[in-house]
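The values are calculated or read from the model by the stated rules, or taken from the named source; none is laboratory data. Computed from a predicted structure; not experimentally measured. With ideal geometry, Cβ positions are generated from the backbone for all residues, glycine too; neighbour counts draw on all protein chains shown.
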Amino acid sequence: MEVQERLSDVLSRIRSSEKAANRAEDAVTLVAVSKTFDAEAIRPVIAAGQRVFGENRVQEAQAKWPELKGETPDVELHLIGPLQSNKAVDAVALFDVIETIDREKIARAVAAEMKRQGRKPRLYVQVNTGLEPQKAGIAPEETIAFVDLCRSELGLDIEGLMCIPPVDENPGPHFALLAKLATKCGLTGLSMGMSGDFETAIAFGATSVRVGSAIFGTR
Ligand SMILES: *Cc1c(COP(=O)(O)O)cnc(C)c1O
């Protein structure tokens, strides 16, 4: 299958899942995860009409996206990988959405850069729903206080929550937990679901799904 065909297959599965869950058409945004793929591999997906992309490393994204954004200015780029505070300068400059705000130090660094650069990327807080030690994200029980701090102390406008469930577990309970936390925080954005489980995530209320290999092929 060609990449355009895989893209349209993923999009039609998203639309069917919205319908099955009684959600509005286009309630879910597809973030096409292009990590490890070069500009040559990404161009056909842009040509097919996809405009929202995700990358997990700041440096890798810097190597290909300034050129691709130059060619197609309405592309929207999401950072979906862990952010170090020394990379906040570059992340705020390049990304339109940063999905991985997960601790006070990074929230402060991003807030300071937004002010300095006069740029306002949309922001999500990453939650480590499985409390996995190797995974980024704030603990579920600290999420409400952390979102409060981001809003009231740092003046950050948080759009939603993001999670990556443990690979070896049923993702449903993790998606349900993220949705419940978002409601408690008064947030409407829910970034959850990847190639293997985006239809489940849509059933649990995902507003964006991050799909890589089902579009671009195996990495
Ligand atoms: C790589 C990645 C994805 C996409 O994973 P696939 O299984 O290839 O769809 C989604 N979210 C994050 C945070 C990732 O790093």
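Annotations
- On inspection, Gly70 fails the criterion of being under 23 Å from Pro171 (Cα atoms), at pLDDT 95 or above and of a type outside the set (Val, Ile, Thr).
- Of all the numbered requirements in (1) surrounded by 19 or more Cβ atoms within 10 Å (Cβ to Cβ); (2) out of contact with any Cys (no Cβ under 6 Å at 6 or more places or on another chain), Ala107 misses one, and that requirement is (2).
- Per the listing Arg43, Arg13, the residue uniquely within 13 Å of the ligand (Cβ to nearest atom) and modelled with pLDDT of 95 or more is Arg13.
- With respect to the conditions (1) out of contact with any helix residue (DSSP H, G or I) (no Cβ under 8 Å at 6 or more places or on another chain); (2) under 26 Å from Asp157 (Cβ atoms); (3) not acidic (Asp, Glu), Leu79 falls short on a single one, namely (1).
- Screening Leu94 with (1) over 21 Å from Val31 (Cα atoms); (2) buried (at least 16 other Cβ atoms within 10 Å of the Cβ) gives one miss only, at (1).
- Qualifying residue in the range 1-8 (condition: buried (at least 17 other Cβ atoms within 10 Å of the Cβ), in contact with a Pro (Cβ under 6 Å, 6 or more places away or on another chain) and touching a residue at least 12 places away in the same chain (Cβ under 8 Å)): yes
Yes/no per residue for (1) more than 30 Å from Gln4 (Cα to Cα); (2) surrounded by 24 or more Cβ atoms within 10 Å (Cβ to Cβ); (3) touching a helix residue (DSSP H, G or I) at 6+ places or on another chain (Cβ under 9 Å); (4) modelled with pLDDT of 95 or more:
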site: Gln117; (1), (2), (3), (4): yes, no, yes, yes
site: Phe146; (1), (2), (3), (4): yes, no, yes, yes
site: Pro166; (1), (2), (3), (4): no, no, yes, yes
site: Leu178; (1), (2), (3), (4): yes, yes, yes, yes
site: Cys185; (1), (2), (3), (4): yes, no, yes, yes
site: Met194; (1), (2), (3), (4): no, no, yes, yes
site: Asp197; (1), (2), (3), (4): no, no, yes, yes
site: Phe204; (1), (2), (3), (4): no, no, yes, yes
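- The set of residues in the range 97-112 being more than 16 Å from the ligand (Cβ to nearest atom) and farther than 17 Å from Ala139 by Cα consists of Arg108, Ala109, Val110, Ala111, Ala112.
- Spans of helices (runs of 4 or more DSSP H) in the range 132-219 with at least 2 residues away from the ligand (no atom under 13 Å from the Cβ): 143-152, 172-185, 198-203
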